[in-house]
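Every number in this text was worked out from the coordinates using simple rules, so none of it is lab data. Please read these numbers as outputs of a predicted model, since none were measured by experiment. Heads up, the Cβs are rebuilt from the backbone with ideal geometry, glycines too, and the neighbour counts pull from every protein chain shown.
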Amino acid sequence: MVVHHPRGVDRPTAGLGGNGSEDVTDGEKRRIGLVEDHESVAIGLSAMLSVEPDLEVVASATTVALLLDQTDDLDLVILDLRLADGSTPEGNVRRLREHNIEVLVFTGAENAFLVRSAARAGVLGVVRKSQDAASVIDAVRLAASGGQVVTTDWAAAIDGDPSLSDVGLSPRQEEVLTLYASGEKASRVARLTGLSEQTVNDYLGRIRQKYADAGRPAPTKTDLYIRAVEDGWLPGPEGPY
């Protein structure tokens, strides 16, 4: 099976719990980095992978910046979404991708906002910390070889909520929606985006029309906020963490 990668590259894929180790092992040792700020989790994951002849954890850190200070010669980084340094999943993934490092998300809880944020930046998959050891190892091995790890969380991040109609916003419209729905005034959105205030208002009108056409009307600013949360562009009231 092949799934379309967010960066536009088609890659081999596999689900968890199969024989991924047989499919992707080629004799080359893959260099793995960990970004995890819970020491016990980092130690456990390192120990789990240390017995695998084709996988080697060569660096571990509590932030992406500290990891890259150690090395950027990595095949894969296993990234926890929820870090204490205030960084965002999307920002962390993009920074690693700038160094041509692939990323596999390793998370303890489902959070649609965090997963979608990472998915937009181009991770290879999302694996729960609750998965059994064999499944985690298979996922790491596959991702370290450049393959996508297909799980329910990952599919949901790519496809979105199937119960919500896609309104087809352009990247610029998404940017305007995110800023405006988060509480900014149109004049402030204009300054932040470099657009004129009239253009921002035109965008907002088109965004409202697209939601209305999709059967999801958003006549007020509060409605736009709700739609942005539903579509994963903004975190819910409790925030992403």
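The R94 and S196 beta-carbon pair, evaluated with R₀ = 45 Å, returns a calculated FRET efficiency of approximately 0.95. Shown for S145, S50: other C-beta atoms within 10 Å of each C-beta, ranked fewest to most, produce the order S50, S145. Of the residues F113, F106, the one with the fewest other Cβ atoms within 10 Å heads the list, and the complete ranking is F113, F106. Computed extension gain for D85 through A214, at 0.36 nm per residue and net of the alpha carbon distance, reaches 42.6 nm.
Label-to-label distance for R172 and D73 is 4.5 nm, based on points extended 7 Å past Cα in the beta-carbon direction. Dimensions of the range 27-160 along the principal axes, based on C-alpha atoms and rounded to the nearest Å, stand at 37, 30, 27, largest first. Going by neighbour counts of Cβ atoms within 10 Å, the residues E52, E28 line up, fewest first, as E28, E52.
Each label was represented as a point 7 Å from its Cα along the Cα-to-Cβ direction; for S187 and K221 these points are 1.3 nm apart. Compared with the alpha-carbon gap, the fully stretched path from R206 to S130 is longer by 23.1 nm at 0.36 nm per residue.
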